[in-house]
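Trainee: Sharing a structure below in structure tokens format, with a few things to ask.
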Amino acid sequence: MKQFASIILFATVTATTAVARIGETADQIETRYGKPNPSSDTDELGHQRNQYLFGGYKIVVTFVHGQSEREKYSKEDESLLLNEEINALLATNATEGTTWKNKVQDKWTRSDDKLVAIYFFDGILDVLTNSYHDALKAAGKKREDDKADDKLDDKPDGE
């Protein structure tokens, strides 16, 4: 019954366009969700990251140059998102004339190739621009390279 109530609430929220969309400004998102949680911070790339609590969901939005580039959705109670909820969130982030293609299990690409969405086993749906996704991958690769360089620097001479 609790899951059914969650689906009804979420359907109502998404039907009234209360879910923010990638590309919106902080003001537009604040209009939808209210003031961000005081625990807002910066992400691994140094961009502003705000957390909002709305309708039983936790939404973490990353802003690049004043616009949303990444939105992570999860339930406040940390239960898993249902397929209906995931589909509703994807639909909200599909602009007119676009659809979502399921490339592999739990990973989607929008038909205009501007957004990617990944559902993680811990109940988080991560929707982000392809450019932000590429920046995260590049930063992760650089960290791996830096760790490898550090290991080489730690070796005694002659090895």
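Trainee: Taking into account only those residues within the stretch 104-133 that are assigned to a loop (DSSP other than H, G, I, E, B) and hydrophobic (A, V, I, L, M, F, W, C), which is modelled with the lowest pLDDT?
Mentor: Per the criteria, the residue is Phe121.
Trainee: OK, next. For Ile86, are the conditions met, namely being farther than 14 Å from Val127 by Cα, out of contact with any Gly (no Cβ under 6 Å at 6 or more places or on another chain) and aliphatic (A, V, I, L, M)?
Mentor: The answer is no for Ile86.
Trainee: Of all residues in the stretch 72-123, how many are touching an Asp or Glu at 6+ places or on another chain (Cβ under 9 Å), under 18 Å from Phe54 (Cβ atoms) and either small (Gly, Ala, Ser) or touching a residue at least 60 places away in the same chain (Cβ under 8 Å) (or both)?
Mentor: Qualifying residue count for the region: 5.
Trainee: Find the residue count for the stretch 27-58, including only residues that are touching a residue at least 40 places away in the same chain (Cβ under 8 Å) and closer than 22 Å to Asn130 by Cα.
Mentor: Residues that pass the stated criteria total 2.
Trainee: For the stretch 1-29, what are the residues that are in contact with a strand residue (DSSP E or B) (Cβ under 8 Å, 6 or more places away or on another chain) and either at pLDDT 75 or above or assigned to a helix (DSSP H, G or I) (or both)?
Mentor: Ser6, Phe10, Val13, Arg21, Ile22, Gly23, Glu24, Thr25, Ala26, Ile29
Trainee: Please indicate, with yes or no, whether at least one residue in the stretch 73-83 is part of a helix (DSSP H, G or I), at pLDDT below 95 and more than 21 Å from Thr42 (Cβ to Cβ).
Mentor: Yes, that holds for at least one residue.
Trainee: Right, something else. Every residue in the stretch 18-42 that is among the β-branched types (Val, Ile, Thr), surrounded by fewer than 16 Cβ atoms within 10 Å (Cβ to Cβ) and either touching a helix residue (DSSP H, G or I) at 6+ places or on another chain (Cβ under 9 Å) or closer than 23 Å to Glu96 by Cα (or both), please.
Mentor: Thr25, Thr31 - these are the residues of the stretch 18-42 that are among the β-branched types (Val, Ile, Thr), surrounded by fewer than 16 Cβ atoms within 10 Å (Cβ to Cβ) and either touching a helix residue (DSSP H, G or I) at 6+ places or on another chain (Cβ under 9 Å) or closer than 23 Å to Glu96 by Cα (or both).
The values are calculated or read from the model by the stated rules, or taken from the named source; none is laboratory data. Predicted model only: the values in this text are computed from it and were never measured. Note: ideal-geometry Cβ built from the backbone for every residue, glycine included; neighbour counts use all protein chains shown.
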